[in-house]
Amino acid sequence: MADTDQDIASNIAAVRKLLWLVAGVAALLGAILFLGLEKNGVEKQAPATAALPFGGTFELTRSDGSVLTDKSLAGRPYAIFFGFTRCPDVCPTTLARLALLRKKLGADGDKFDIVFVSVDPERDRPQDIGAYAEMFGTPIIAATGTDAQLAQIRKGFGVYMKKVPLDPAQPDGDYTIDHTAGIFLMDAKGRLSSIIDHHEAEETALDKLRMLVG
Amino acid sequence: MKSNSAFALAGLGLAMLATPILAQNVSAGPISASKAWTRQTAPNQSVGGGFLTIRNAGKTDDRLLTASTPLAAEVQIHSMSMDKGIMKMRQIKEGITIPAGKSVELKPGGLHIMFIDLKKPFKLGDKIPVTLKFQRAGAVKVNFDVQSISSTSAMEGHHGGH
Ligand SMILES: [Cu+2]
């Protein structure tokens, strides 16, 4: 096969035409997708400040090994909290608080799920966080994930997290994790209802939960 | 608020001397420890936080330097703070000053003793023997009551053993 210069030139022209066509189709598809998303966004009435829906999509592993996603949680409101089991204070206090608030809500207390996400997969295996969550005497969905999965959900919820060595002189030694301590309340459609702050009065927290399940 | 409760506790301390004290109260010289408690832990949970009130009835400041227990590989003194909704825990290597005539409360949301790498889980109702070392008072042995994981304060008036 001895291609002449002319053959090569016409081949290049054909390829160019094809590329333009592909680019055109891609642009059209992009526009359709964009409009579709835009429409969804409006229907979901996402908070005015957020371009992407709060929470976003996520996938984690539950303590029993099953998969937990934003979709599997949909249909029921939930209260989600991020922590780790080597946290001696805020994490047990928060989970105990949620258990108590649920009790105080009476029948309404069963109308939402409690989700605990460990942001420390290096030390918290799924089965460990299950045993930990069980101690609070109320059903708690405990989950964790890979670093990438956790980065994804933290981005969705705007959760800050930073590993910090306990002893600054030993940067590779034992670490703690600075992390956001608020409880995010998500409604049955996966939209942010409100946030319970760590220092919030019990009555306010109860009102927010009533609003969530109401 | 912190100094208020310290004053209230100092006042309470005097009243409590005359009455049987429900929570364990141990002392070495002017230093006394009370309301020492920790939370039960899950099977593979490797740490626990310990809380107590330390009173210095003396005329000289003292300092809690270290703590130890045979039930954990290491015990550290930690601070916990909330900074714009973010929880931060730090080791306090220099220890905690117990001012003369004052009480210092180690409680959820603030200072705590951190038990690291537990030899076995802390079970409800157990007592965790801890030795606190003070700069002046020396060693003070305190038993920490293991309370429910849902506790947020010492269960006073609740005797152990059940
Ligand atoms: Cu700590």
Kindly provide the set of residues from region B:58-84 that are surrounded by fewer than 18 Cβ atoms within 10 Å (Cβ to Cβ), within 14 Å of another protein chain (Cβ to nearest Cβ) and either more than 16 Å from the ligand (Cβ to nearest atom) or closer than 20 Å to residue A:181 by Cα (or both), ordered by number. B:79, B:81, B:82, B:83, B:84
State the number of residues belonging to region B:97-137 that are over 19 Å from residue A:87 (Cα atoms) and basic (Lys, Arg). 4
Region A:88-102: number of residues that are at the interface with chain B (Cβ under 7 Å from one of its Cβ atoms) and within 13 Å of the ligand (Cβ to nearest atom): 5
Any residue in region B:124-151 that is within 14 Å of chain A (Cβ to nearest Cβ) sitting within a Cβ distance under 6 Å of a residue that is assigned to a strand (DSSP E or B) and of a type in the set (Gly, Ala, Ser)? List the pairs, counting only those 6 or more apart or interchain. B:144/B:36; B:144/B:50
Please specify each residue of region A:74-122 satisfying the condition of being buried (at least 18 other Cβ atoms within 10 Å of the Cβ) and of a type in the set (Lys, Arg). A:86, A:97, A:102
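Tally time: how many residues in region A:192-206 are away from chain B (no Cβ under 12 Å) and not in a helix (DSSP H, G or I)?
4
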Looking at residue A:172, is it more than 16 Å from the ligand (Cβ to nearest atom) and either away from chain B (no Cβ under 12 Å) or of a type in the set (Ser, Thr, Tyr) (or both)? yes
Please give the number of the condition residue B:87 fails out of (1) in contact with a helix residue (DSSP H, G or I) (Cβ under 7 Å, 6 or more places away or on another chain); (2) away from the ligand (no atom under 11 Å from the Cβ); (3) free of Cβ contacts under 8 Å to residues at least 24 places away in the same chain. (2)
What number of residues within region B:64-123 are part of a strand (DSSP E or B) and aromatic (Phe, Trp, Tyr)? 1
Assess whether residue A:209 counts as being in a helix (DSSP H, G or I) and farther than 29 Å from residue B:90 by Cβ. yes
Is it the case that residue A:115 is within 16 Å of the ligand (Cβ to nearest atom), closer than 22 Å to residue A:176 by Cα and under 22 Å from the mean Cα position of the chain (by Cα)? no
Among the candidates A:151, A:133, A:143, which residue alone is more than 16 Å from the ligand (Cβ to nearest atom) and assigned to a strand (DSSP E or B)? A:143
The lone condition residue A:163 fails out of (1) more than 9 Å from chain B (Cβ to nearest Cβ); (2) more than 16 Å from the ligand (Cβ to nearest atom) is (2)
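Read-outs: derived from the displayed coordinates by stated rules, not from any lab. Note that the structure is a prediction, hence the values are computed from the model and not measured. Every residue, glycine among them, receives a Cβ derived from its backbone with ideal geometry; neighbour counts consider all protein chains shown.
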